[in-house]
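The values are calculated or read from the model by the stated rules, or taken from the named source; none is laboratory data. Bear in mind the structure is a predicted one, so any value in this text is a computation, not a measurement. Note that each Cβ is placed from the backbone with ideal geometry, even for glycine, and that neighbours are counted across all protein chains shown.
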Amino acid sequence: MADPKVDASALARLGEGTNTAPHDILGFHDGVVRAFRPGAASMSVVPKTGDPIAMEARDPDGLFEAEAPGAADGYRLRARYKGANTEGFTYEDPYRFWLTLGDVDLHLLGEGRHRRLWKVLGAHVRTHQEVAGTSFAVWAPN
């Protein structure tokens, strides 16, 4: 199922921890869900409706993917590890969420003119895309 649109060097940088744009690869893209979970024995996409979809291991570093067009409406991921409970654990995929900083915020940050940084940076308890939790944003231009 390897997607020729995903650059092999970008995938390698995921495993090295040097990829600067993981949202471009991980999460839901064009009907495919990708997740990076080093050490996982298996992964599944758990869509809002329907049965879990087994993910294929794309490489030994822990990249998994599955065709899951129904996941566009929302999904969770289930990871299983050798020697752990057989059910594994189910969690929200952080890469399925849209960014919390908007274009105007990014523009103003880039110019050094944002006057309400406390509203957009740091940790904020919120409900985002129907999921309650804490979002966290930092500005690290270099």
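Figure legend. Inter-residue proximity from segment 19-46: first residues touching a residue at least 24 places away in the same chain (Cβ under 8 Å), second residues exposed (fewer than 14 other Cβ atoms within 10 Å of the Cβ) and in a helix (DSSP H, G or I), beta-carbon distance below 6 Å, spacing 6+ or different chains. Indicated pairs: G31/P69. Here is the figure for segment 89-137: residues that are surrounded by fewer than 13 Cβ atoms within 10 Å (Cβ to Cβ) and among the polar types (S, T, N, Q) total 4.
For F64, the conditions (1) touching a Pro at 6+ places or on another chain (Cβ under 8 Å); (2) assigned by TED's automatic domain parsing to the domain that holds L14 are fulfilled apart from (1). Scanning segment 53-106 for residues that are touching a residue at least 12 places away in the same chain (Cβ under 8 Å), assigned to a loop (DSSP other than H, G, I, E, B), more than 15 Å from the chain's Cα centre (by Cα) and over 23 Å from S135 (Cβ atoms) yields D61, Y81, K82, G88.
When you go through V6, V45 one by one, which is the residue that is surrounded by 13 or more Cβ atoms within 10 Å (Cβ to Cβ), touching a helix residue (DSSP H, G or I) at 6+ places or on another chain (Cβ under 6 Å) and not in a helix (DSSP H, G or I)? Being surrounded by 13 or more Cβ atoms within 10 Å (Cβ to Cβ), touching a helix residue (DSSP H, G or I) at 6+ places or on another chain (Cβ under 6 Å) and not in a helix (DSSP H, G or I) holds for just one of V6, V45, which is V45.
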